[in-house]
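See below for the structure under consideration.
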Amino acid sequence: TQGILGSVTSGKSALVHRYLTGSYVREESPEGGRFKKEIVVDGQSFLLLIRDEGGPPEIEFSNWVDGVIFVFSLEDETSFHSIYNYYRRLVQYRNLSNVPLILVGTQDSICSERPRVIFDDRAKKLASDLKRCAYYESCSTYGLNVDHRRLNDLGFGRNIPVKQGWLLKRTSKGKISNKEWKKKYVALEDEGNLTYYSSMHDYMENINKKSLSVVKTTIKVPGRHPSVTSKSSPTSKTGWFPSHKFIPCLQIISSQVHITKQNLVKHSFFSHESSNYRVFILDENAEFHLISMDGISWQFMSSCSVERDEWVTAIERQIMIGLQNFSSNKPNPCKRLFNEIAGNTACVDCSAPDPTWVSLNLGCLMCIECSGIHRNLGTHISRVRSLELDDWPLEFTKILDKTGNLIANSVWEGLINNEVVKPDLQTSREVRETFIRDKYERKLFLPKLSAKYAADISSSLCYAIADGNSQLTMHLLAHASRDDVNRPVGSEQQAPLHVASSVADLASVQLLLWSRADPNQPDGLGQTPISIAEQSGHWECHRVM
């Protein structure tokens, strides 16, 4: 059992963090923490217990430890003098003659603005006063004297995160207007997992966590269009950490800070720096959202727009790496099946070969470059899914069985003429995005419906679904409003979803639901699409609704 003593400005929490995880975080934990790590000594495995004390040692701490590490910062006089106080307090409770002691001076915060003030002579004098105490200098930033060279002997910790730090996360429970922001410690790993914790202690213990895979999400910055570009924050002259102007503003003492949107700008956060408190005002424009294929949203807020952009850039990079590097040794029947459909062997927008991404509601396959643009259109226009990364429930496969790139382009490129040049493999992203937005968002190439169908889109949809005419169904849905897909027609006063449920057209059921059809709308006989599916034994349709 190892005890760690030092003031809140000593750098002890960063030292412990570096030892446990192999990464540096410029964050002090005033409450301390208890941790464990498996180590190997002389070929035998042991469990090392570490106690980072949040204040002066008490009797329970003093009797618990087998060894003590005193930590101070080489640029902070207060942390240096506190070691004497901690030592005197410790000897009141326990005879230290047989307790190993180590004194550590940390270099983490030394820079031009905060030069070194504790030099070797004073540090060694302190070690001598503590009696039988070895002295080391360490740098958690680079891993100097943090057992970095002996990790193989001591056992492995977790992978070093790509990015980590404090963020605010908006709760997903309660009314939208009353959702609160709570402080979370967030780590982005190179596998594309974003994990958040309620405290630094939970992070270092790797407990009480929630994770999501960013590869299966779209990242959005409210008010920004198109996707965000990379912005790097300035660094200090030492290159160790961001300049003091950009130090994360969410280094707050309490981990249970509740903020509503109404008082957001007025709310201040505090970080402990040296012996003073520095006040930061939140930038309410520093939000970013992660949105899953199913429309689930995770809302985060950083301390400022600069830090927000760093997170966005890091997450976007992990999304791209995950998509490009993904490979599977398992056979992929969906990919083989969909590529056998005419037109599906090339991207629907740029004709790149072997597309592996799908727009479900548009019924087409695309390459990874075009899929990124489709994701930015929003799920109300294009619902993007991977043939290789995602699961494929039956309703999704049925859609592509009945549609495909030939049908999609007969609808969405029906008005293209020789003056319009489609993108190809060499086309820039900007030109490619303009074409895709013209095609699906602005609908510049979408033919008008003939007078026969335009007069009553609801009746036309019922006819197309009952007739199994997928091309006409897709063309009608491209023009249909919410009222069109819910308007009852005919003597039985049925809407298109009633018809799709009656004929067990699972693909049309799903497409209509995405077009905001109401599965609980009664027809002239009082039956809903759900009850029709249940009575008819169309259980897949019933499940989807």
Please work out if Arg88 is in contact (Cβ under 8 Å) with a residue 40 or more places away in the chain and either surrounded by fewer than 14 Cβ atoms within 10 Å (Cβ to Cβ) or in the same structural domain as Glu113 (by TED's automatic domain parsing) (or both). no
Answer yes or no as to whether Gln493 is over 40 Å from the mean Cα position of the chain (by Cα) and not aromatic (Phe, Trp, Tyr). yes
Going by the structure shown, is Thr434 among the hydroxyl-bearing types (Ser, Thr, Tyr) and within 22 Å of Val509 (Cα to Cα)? no
Kindly provide the set of residues from segment 501-520 that are in contact (Cβ under 8 Å) with a residue 12 or more places away in the chain, surrounded by fewer than 19 Cβ atoms within 10 Å (Cβ to Cβ) and not in a helix (DSSP H, G or I), ordered by number. Val503, Ala504, Arg516, Asp518
Please identify the pairs in which a residue from segment 189-212 that is surrounded by 18 or more Cβ atoms within 10 Å (Cβ to Cβ) has its Cβ atom under 6 Å from the Cβ atom of a residue that is among the β-branched types (Val, Ile, Thr) and at pLDDT 85 or above, counting only partners at least 6 apart or on another chain. Gly192/Val214; Leu194/Val214; Tyr196/Val186
Considering every residue within segment 97-105, establish whether at least one is crowded, with 23+ Cβ neighbours inside 10 Å, at pLDDT below 85 and hydroxyl-bearing (Ser, Thr, Tyr). no
Please work out which one of (1) closer than 23 Å to Ser515 by Cα; (2) over 31 Å from the mean Cα position of the chain (by Cα) is the condition Val420 fails and give its number. (1)
When both residues are 6+ apart or on different chains and their Cβ atoms are under 9 Å apart, which pairs have a first residue that lies in segment 273-301 and is on the phi > 0 side of the Ramachandran plot, and a second that is surrounded by 13 or more Cβ atoms within 10 Å (Cβ to Cβ) and at pLDDT 85 or above? Ser274/Thr9; Ser274/Ser73; Ser274/Glu75; Ser274/Asp76; Ser274/Thr78; Ser274/Ser79; Gly295/Thr379
Does Ser359 satisfy being without any contact (Cβ under 8 Å) to a residue 60 or more places away in the chain and either touching a helix residue (DSSP H, G or I) at 6+ places or on another chain (Cβ under 6 Å) or surrounded by fewer than 21 Cβ atoms within 10 Å (Cβ to Cβ) (or both)? yes
Scanning segment 85-111 residue by residue, those farther than 26 Å from Tyr19 by Cα and of a type outside the set (A, V, I, L, M, F, W, C) turn out to be Arg88, Arg89, Gln92, Tyr93, Arg94, Asn95, Ser97
Criterion: surrounded by 19 or more Cβ atoms within 10 Å (Cβ to Cβ), under 30 Å from His374 (Cβ atoms), modelled with pLDDT of 95 or more and out of contact with any Gly (no Cβ under 7 Å at 6 or more places or on another chain) - qualifying residue of Leu476, Leu444: Leu476
Per the filter on segment 376-388, residues over 23 Å from Ala480 (Cβ atoms) and surrounded by 16 or more Cβ atoms within 10 Å (Cβ to Cβ) are Asn376, Ser386, Leu387
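The values are calculated or read from the model by the stated rules, or taken from the named source; none is laboratory data. This one's a predicted model, so the numbers in the text were calculated from it and none came from an experiment. When we count neighbours, we look across all protein chains shown, and the Cβ atoms used for this are built from the backbone with ideal geometry, even at glycine.
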